[in-house]
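Novice: The structure that follows is given in the form of structure tokens.
The values are calculated or read from the model by the stated rules, or taken from the named source; none is laboratory data. A quick note: this is a predicted structure, and the numbers were derived from the prediction, not measured. Note that each Cβ is placed from the backbone with ideal geometry, even for glycine, and that neighbours are counted across all protein chains shown.
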Amino acid sequence: MPEFLTGFIAEARNYVRNMRAALAASGEDASQLQTILQHAGVLYGGAGMLELHEIEHLAGALVDCVGTMASSDKPLSADEFQQLAVLLDEIDARLDASDDAEYATEPDGDNGAAARTQPTPPPHRSAESAPSAGRLADLPPELLEVFALEAHEHNEAIQRGLEHLRTQPDDTAMISDMRRVTHTLKGAAASVGLTQMAHLAHLMEEAFELVLTGEGELQGQLTRTVIELLFDSADVLDGLLDADQATTAGELLTGVDQQYLALLGDAYPHPEKSAVPPPDSDDLAPLQAAPRVDDMLRLPLSDMDILINRVGEVIINRAGLERLLSGLENLLVELNYSNSRLQRVASDIDAQIEVTVPAARSLGSGDGVFDPLEMDRYSLLYQLTRELEELAADSGDINSQLDFLVDDLSAGLVRERRLTSDLQDNLLAMRLVPFHEIETRMRRTVHRTARDLDKPVDLIITGFETKVDKTILDALADPLMHLIRNAVDHGIEVPAARRAAKKPAQGLVRLSVTRERGRVIVQLADDGGGINFQGVRQRAIAMGLLAPEDRPTQQALLDLLFHEGFSMAEAVTQTSGRGMGLDIVRRAVNRLQGTLRVDTEPGRGTTFTISVPVTLAITRALYIQVCGQQFAVPLEQIGLVLRLDEDLLDQITAENVLRYDGRNLAVFHLADYVRGPQSSGSPTRYGLVTELGDQEAVVLVEQMAGIHEAVVKSLGSHLRRVVGVMGATIAGDGRVILILDLLEIISHEYLADETGQYSSQVTASGPDMSPTPPHVLVVDDSPSVRRVVSSFLERVGWRTTKAKDGIDALEKLAAERPDVALVDIEMPRMNGYDLLAHIKSDPGLRALPVVFLTSRSAAKHRDRAAQLGVDGYLVKPYHENELLEELLRVTQRARQVVR
């Protein structure tokens, strides 16, 4: 969407420039923070819709920071001012990167300079701080790579050791190891000029030394306070190792430094007295003496992806060769048949000559004179016959040689297939990493959250030796941390409530990983109070997601937990309350072509089960045919293939249930999803049995075309959200074949509603549009948002009208009445709340459904919208399917009210 990006980048620069001006004026006018908050919210929503995830993340962080600062009713401190300025600098840098990549037009020179003008921070008090020199991003790339790898390993070792010492604080051997590791890290950081990191490592080393010497209050063991301080120090080290967080981590170092000053007293290494020298050979002797098992070569993950893609191309090319070989074998069969006929004809001619020529000779010998011409004619015919026989014999020999050659070629392709498969397996195995890589992060998340909420919680981890593709593991890390925080915050009760329920005061969270065929199953379970369904229903009613008379099932209430902006928290805290956690989890799992299930039992706890493929690069797939088109289905989604005869088809009930082998299978016709004409003479012949949650379903198809290795190719950003399509592959003959996700297709969330419309679908015969397409009024002050939303809705058959604010929307409504209005909240001249109030108070417009599409997800914004009568509420960045479903829902409800 280059045309959208071009407009968005220019628009975003405007917002950054305005936010810088507001930040510069915030020292005298605290209300300027609301201006920053409004612009940051719009920027967050727009970046999310255009999938500019770095800008989206930074804008979201800016919203959180400004929201917290604005709620304190205190003037900005120097540190807070600097924090906001740094975030604006980072956003500006990402916008510059977009320009360099030619994703957007170059901004006006004067505007660009103005946008990067740094506001003058307000005066602030002086304070003693830790050493300030040294940022990871300032190192040369070669040195950065080597040091970052070593420092990450040291910090991982420190955090694992601290987890051990939390349960065994008197383990002097472990304390001694930790002192050695921090000493090594101190020397390594000092040798590359990272004095902040070296100073912090020195402080940690002195703390461990103080414990080992038994001086002061520390008599040979770590107290809880010291362990918490060391954990905080490890977190600061993590931040210093991340160039994007180095500034924030440097600010946190000041607070940690003061705690070490109080703890160490005279042993505190003052910066001016502790120029840390590089480690000498004795310091590093234990590390250098460690035996090395193998030489190591580190490669960027992108290089590995290139190799895997090349193997994929080889697989596609091999499929083409196998197709050609199959054609050659068929021709060889025809050639053998033709050669047999040739030999038979030659033999018949020879036999006829043997009979005909002697008879002719006897008839012509009555005069007793020998005719030499007859002899010549006989010899020539005999010679031609013999040449024909030799030609047939030679043809037979050539056929035999071709048979051997084809056999050798076939055997060679089999060997090539085996070698390619081994190479593919080895390359994919090199991408697989164990879950142990994120174990420290999971434990740290539990530790932090439990400490902040004052809840004793233990985390038990099993199966973390299971390996998964690194890309998948990285994508799962944040969703798992969201779930862990929710488990500790919402799942585990406070100690008093647990004792009243006759539970141990310490809560328990279990995180387990197993592998089943080509998928990895991750389960997160807590022993808390379970999900309060009545509370979920009341919250949904308050947010306008349910009507008071609605009586949803428990499964429907569980689905609401993943609705954008839904939150059970009463107030926004650092831990929860923004309503973004579970929605982010669902989106991440969907992007990984995975599934997410929730099981809960009141008083016993809740379990989240995530299932994702081990790798997304190459899969084995069953080729099927539906409506005259060929598709591919991953084998891992198919549990059983049924050949459907007439007797079996007759067992499908009116409720679309197939009774097979004592099981009731829900029946789905894939032709209904594809919506193309069924092939003549190709009735449904096969059923693909798959699991749908705890139930089983059978998907009916027309034909099968064998099992093939499919190299999964992305459809690109413009087709990535087509429901039920996980990608595409290229067949041996060059055809592009869509890879279907049966689980997504048969899920109730994507089935046709009462109007027979799909939110998104594969179409074999073209779109099935209504003669009068529905009409939506898109109201948003951001041109980028208006263009993106309108483009998507027009692409799926809606008619759109655009308005830039509430006043403009009222003028459009006076000219033409749409079927629904999609409205932002924060707009100039007239905001979304005022527009909604005007519409609901006007008798002529009162029945018009209004859906809010906004970056505001807090409960107070939803509550005010519900009080004014909003019909739907979506939070940016939104999922296109959810937007379409919400618009269909409110328009359908409005039609029912009219009837």
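Novice: List every residue pair whose Cβ atoms lie under 6 Å apart, where the two residues are 6 or more positions apart in sequence or sit on different chains, the first residue falls within the stretch 537-554 and is hydrophobic (A, V, I, L, M, F, W, C), and the second residue, located anywhere, is part of a helix (DSSP H, G or I).
Specialist: Ala540/Leu560; Met543/Arg862; Leu546/Ala540
Novice: Continuing with the same structure: Of all helices (runs of 4 or more DSSP H) completely enclosed by the stretch 1-95, which ones contain at least 3 residues that are charged (D, E, K, R)?
Specialist: 2-25, 53-71
Novice: Give me the pairs: first residue in the stretch 799-821 and under 24 Å from Leu884 (Cβ atoms), second residue at pLDDT below 90 and β-branched (Val, Ile, Thr), beta-carbon distance under 7 Å, and six or more apart or on different chains, which are they?
Specialist: Asp819/Thr891; Val820/Val890; Val820/Thr891
Novice: Mind checking which pairs have a first residue in the stretch 338-350 that is on the phi < 0 side of the Ramachandran plot and a second that is of a type in the set (Ser, Thr, Tyr) and modelled with pLDDT under 80, Cβ under 7 Å, 6 or more apart or different chains?
Specialist: Here the result reads Ile349/Thr385; Asp350/Thr385, each pair linking the stretch 338-350 to a residue that is of a type in the set (Ser, Thr, Tyr) and modelled with pLDDT under 80.
Novice: For residues in the stretch 395-439 being over 26 Å from Tyr337 (Cβ atoms) and of a type in the set (Asp, Glu), which is surrounded by the most Cβ atoms within 10 Å (Cβ to Cβ)?
Specialist: Glu439
Novice: Also, I was wondering about something else. Can you find a residue in the stretch 326-341 that is modelled with pLDDT under 80, surrounded by 12 or more Cβ atoms within 10 Å (Cβ to Cβ) and in a helix (DSSP H, G or I)?
Specialist: No, every residue in the stretch 326-341 fails to be modelled with pLDDT under 80, surrounded by 12 or more Cβ atoms within 10 Å (Cβ to Cβ) and in a helix (DSSP H, G or I).
Novice: Continuing with this model, one more query. Residues that are under 19 Å from Arg160 (Cβ atoms) and modelled with pLDDT of 75 or more: list the helices (runs of 4 or more DSSP H) wholly contained in the stretch 172-284 that include at least 3 such residues.
Specialist: Numbers: elements: 172-191, 195-213, 224-241, 246-264.
Counting at least 3 such residues, we get 172-191, 195-213, 224-241.
Novice: Given the conditions (1) surrounded by fewer than 23 Cβ atoms within 10 Å (Cβ to Cβ); (2) at pLDDT below 85, report the number of the one that Asn831 does not fulfil.
Specialist: Checking Asn831 against (1) surrounded by fewer than 23 Cβ atoms within 10 Å (Cβ to Cβ); (2) at pLDDT below 85, the one that fails is (2).
Novice: Looking only at the stretch 359-369, decide whether some residue is of a type in the set (Asp, Glu), modelled with pLDDT under 75 and surrounded by 12 or more Cβ atoms within 10 Å (Cβ to Cβ).
Specialist: The answer is no, given that none of the residues of the stretch 359-369 is of a type in the set (Asp, Glu), modelled with pLDDT under 75 and surrounded by 12 or more Cβ atoms within 10 Å (Cβ to Cβ).
Novice: Could you list, in sequence order, the residues of the stretch 580-601 that are out of contact with any Phe, Trp or Tyr (no Cβ under 8 Å at 6 or more places or on another chain) and not in a strand (DSSP E or B)?
Specialist: Hits for the stretch 580-601 are Met580, Gly581, Ile584, Arg587, Ala588, Val589, Asn590, Arg591, Leu592, Gln593, Gly594.
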